[in-house]
Amino acid sequence: MIALFDQIHRSPEKIDGLFVTHEHSDHIKGVGILARKYKIPLYANEKTWAAMETKIGKIDPALKFLWEVGEVKQFGDIEVESFNVSHDAADPMFFQFAHDGKRLAHITDTGYVSDRMKGVIRGADAYIFEANHDIGMLQMGHYPWSVKRRILGDYGHVSNEDAAIADERSFG
Ligand SMILES: [Zn+2]
């Protein structure tokens with residue numbers, strides 16, 4: 001990770017904050033270690049803090065920050081707003097970053113794309129959107145049914161097909 005920071009001539013000590021979208025282990029495994037090692041402020045909403053606190057180790061109270069859904073925070077000249085998503089976590093969120101009239105939405109784990117999310121995507125100049133399966137391949141694949149049902153459900157993950165229609169501009 002440090003090599004990646006070196007490539008862009010930055011150091012992890014300069015990070016203004018780690019934004020935790022939700023408490024699933026693939027999203028929080030490193031946050032406690034990073035916060036302690038580089039004194040990086042951690043941001044999450046109250047329910048996410050409650051769900052992850054025992055899993056990430058001891059965090060200096062000075063590095064703990066609350067960020068509820070719908071709240072806007074300013075980091076230097078970047079304005080960041082949080083939105084909720086549909087995912088099987090305590091209170092999952094995604095973030096939109098705005099600077100100089102430009103917007104970037106960053107949406108990961110969500111089971112479906114709400115009208116609100118479509119609105120954010122429509123208003124963004126760019127967006128990063130996670131879609132993690134082809135429905136047919138998933139159904140034919142080797143995962144147990146419980147896992148397939150979770151991924152395909154409204155609180156799992158978006159399929160490639162759903163991601164394609166999330167951006168209404170793709171229909172002109
Ligand atoms: Zn997740």
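The values are calculated or read from the model by the stated rules, or taken from the named source; none is laboratory data. Not measured: the values here are computed from a predicted model. Glycine gets a Cβ as well: all are built from the backbone with ideal geometry, and neighbour counts include every protein chain shown. Heads up: the accessible areas ignore ligands, DNA and RNA and are worked out on the full protein's heavy atoms, side chains in. Shrake-Rupley method; radii C 1.70, N 1.55, O 1.52, S 1.80 Å.
Candidates are the residues of segment 2-23 that are more than 22 Å from Gly76 (Cβ to Cβ) and either hydroxyl-bearing (Ser, Thr, Tyr) or out of contact with any His (no Cβ under 8 Å at 6 or more places or on another chain) (or both); the one that is modelled with the highest pLDDT is Glu23.
Of all the criteria given as (1) open to solvent by less than 50 Å² (accessible area, probe 1.4 Å); (2) away from the ligand (no atom under 16 Å from the Cβ); (3) within 19 Å of Trp67 (Cα to Cα), the one not satisfied by Ala124 is (3). If you check every pair at least six apart or on different chains, which have Cβ atoms under 8 Å apart with a residue in segment 103-121 that is acidic (Asp, Glu) first and a residue that is open to solvent by less than 30 Å² (accessible area, probe 1.4 Å) and not in a strand (DSSP E or B) second? Between residues of segment 103-121 that are acidic (Asp, Glu) and residues that are open to solvent by less than 30 Å² (accessible area, probe 1.4 Å) and not in a strand (DSSP E or B), the close pairs are Asp109/Thr21; Asp109/His22; Asp109/Val85; Asp109/His87; Asp109/Ala89; Asp109/Pro92; Asp109/His157. Total residues in segment 23-56 satisfying the condition of being β-branched (Val, Ile, Thr) and not in a helix (DSSP H, G or I): the figure is 3.
Of all residues assigned to segment 88-103, none qualifies as being in contact with a helix residue (DSSP H, G or I) (Cβ under 6 Å, 6 or more places away or on another chain), within 25 Å of Asp167 (Cβ to Cβ) and within 16 Å of the ligand (Cβ to nearest atom). Within segment 83-98, residues that are assigned to a strand (DSSP E or B) reach partners that are open to solvent by less than 40 Å² (accessible area, probe 1.4 Å) and of a type in the set (Ser, Thr, Tyr) with beta carbons closer than 6 Å, at six or more positions or on different chains, in the pairs Met93/Thr21; Met93/Ser82; Phe95/Ser82.
Restricting segment 17-56 to residues that are under 19 Å from the mean Cα position of the chain (by Cα) and open to solvent by 100 Å² or more (accessible area, probe 1.4 Å), the residue that is nearest to Leu66 (Cα to Cα) is Glu46.
Applying the criterion of being within 21 Å of Asn84 (Cα to Cα) and touching a strand residue (DSSP E or B) at 6+ places or on another chain (Cβ under 6 Å) to the residues of segment 9-39, the residue that is farthest from the ligand (Cβ to nearest atom) is Gly17.
Please verify whether Arg36 is among the charged types (D, E, K, R) and at pLDDT below 95, treating the condition exactly as stated. Answer is no for this residue.
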